[in-house]
Amino acid sequence: MGTYAITGSASGMGAQAARQLTACGHRVIGVDLRDADIIADLSEPAGRRSAAAEVLAAAGGVLDGAVLAAGLGPGSGTDRNRLIAQVNFLGVVEPLLAWRPALAAANRAKVVVIASNSTTTVPMVPRRTINALLAHDPDKAVRSLRLLGRHGSALMYAASKIAVSRWVRRHAVTPLWAGAGIRLNALAPGAILTPLLEAQLAEPMEGRAVRRFPIPVGGFGVADQLADWITFMLSDSADFLCGSVIFVDVGTDAFFRTDDWPNGVPARALPRYLWRFARGTPKA
Ligand code: NAD
């Protein structure tokens, strides 16, 4: 039986994944603002540091896996964009970087980062916002959207999820992660009826947009359905999965981006492709 860290363990998908893992006999170390083994505010540098350190201490330096589910959706409220940047990006990557040696110590650990299908279905997400997040600069990310006022929060949300997905794919294949046997993947859900989505539905404009969003099979998902995917991605059956972003959204990504990918290697990407091909897989 394994030991798993779960952020956002008090609600929604994180809570349901924690219940499923515990029911299977695993040990879960939950991190959240409330109702968790470790109470920490991932929007603050000190909270991220204490969450990281307390998980390592509780796990005895060996983690079989981690689920990064803590997150905020788009919405109104003071400084929403900053909170989204801090929790959805820094609150994922800073704990993960601190936990990497403990994950490596488990030999074939699995990490599931909860992204979103807003990564591919929200138009016009500014590249500079994504790049500022990837540079760990939330102030610059917030500044990049300042002219949009409260309407910028949907773009900040999508940017935070694109940034974590890109971070996952960049790191997953490196010697420090893949080379240490760690399978780092992301899950990109569609609309799942949790408190996060309920809050969006309660906002007049945001709620209208969510209700009108095309969902080919129809309907919202429930946390249990996504927890099944999370526990699968943490299991031995997922040993062959690395660097993937798995869309579980009953068709919205396929609807909007039918032929966009998979799409081979375009000419502009050929130099990088050939360079990587010639270099081969980097060794630890
Ligand atoms: P949720 O609101 O039920 O759970 C999110 C949890 O994160 C809560 O327990 C909350 O307390 C915690 N959290 C928020 N801010 C925190 C902070 N500063 N420090 C520590 N913990 C904090 O939402 P959910 O829908 O289960 O969301 C889980 C993840 O899935 C999020 O990253 C979300 O962006 C993503 N997601 C949700 C949907 C959806 O439709 N619900 C769709 C795609 C992706």
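Laboratory data are not the source of any read-out in this text; all were calculated from the coordinates shown. Keep in mind the model is a prediction, meaning the values are calculated, not measured. As a convention, Cβ positions derive from the backbone with ideal geometry for all residues, glycine included, and neighbour counts pool all protein chains shown.
List of remarks:
- Cβ crowding within 10 Å averaged over residues, with 146-153, 17-24 ranked highest first: 17-24, 146-153
- Dipole in debye (nearest 20) - segment 140-284, about Cα centre, beta carbon charges: Lys, Arg +1; Asp, Glu -1: 1040
- Across segment 3-279, C-alpha contacts under 8 Å between residues 6 or more apart give a mean separation that, scaled by the residue count, equals a relative contact order of 20 percent.
- A straight Cα-to-Cα reach below 22 Å connects K161 with the lysines K110, K140, residues fewer than 8 places away in its own chain not being considered.
- Compactness of segment 3-279 was expressed as the Cα radius of gyration divided by 2.2 N^0.38 Å, which yields 0.97.
- For segment 156-247: rounded, prolate or oblate by the Cα gyration tensor [a/c cutoff 1.5]: prolate
- Segment D137..D35, full-extension length gain: 33.7 nm, with 0.36 nm per residue of separation and the alpha-carbon distance subtracted.
- For the pair T281 and Q225, label points projected 7 Å from Cα toward Cβ lie 3.5 nm apart.
- Taking label points 7 Å from Cα along the Cα-to-Cβ direction, A57 and N107 give a separation of 2.9 nm.
- Helical runs assigned H by DSSP (4 residues or longer) give the chain a calculated mean residue ellipticity at 222 nm of -13500 deg cm²/dmol, each run adding -39500 (n - 2.57) before division by the residue total.
- Derived scalar couplings between HN and Hα for segment 132-140 equal 5, 5, 5, 8, 6, 10, x, 4, 5 Hz in order, rounded to whole Hz, by the Karplus curve 6.51 cos²θ - 1.76 cosθ + 1.60 (θ = phi - 60°), x for Gly and Pro.
- Between segment 228-262 and segment 181-207, the Cα center-to-center distance that results, in Å: 15
- Here the chain is assigned +1 on the Cβ of each Lys and Arg and -1 on the Cβ of each Asp and Glu. Its dipole about the Cα centre then comes out at about 1160 debye.
- At R0 = 41 Å, FRET efficiency that the Cβ-Cβ distance of F240 and L148 yields, to 0.05: 0.50
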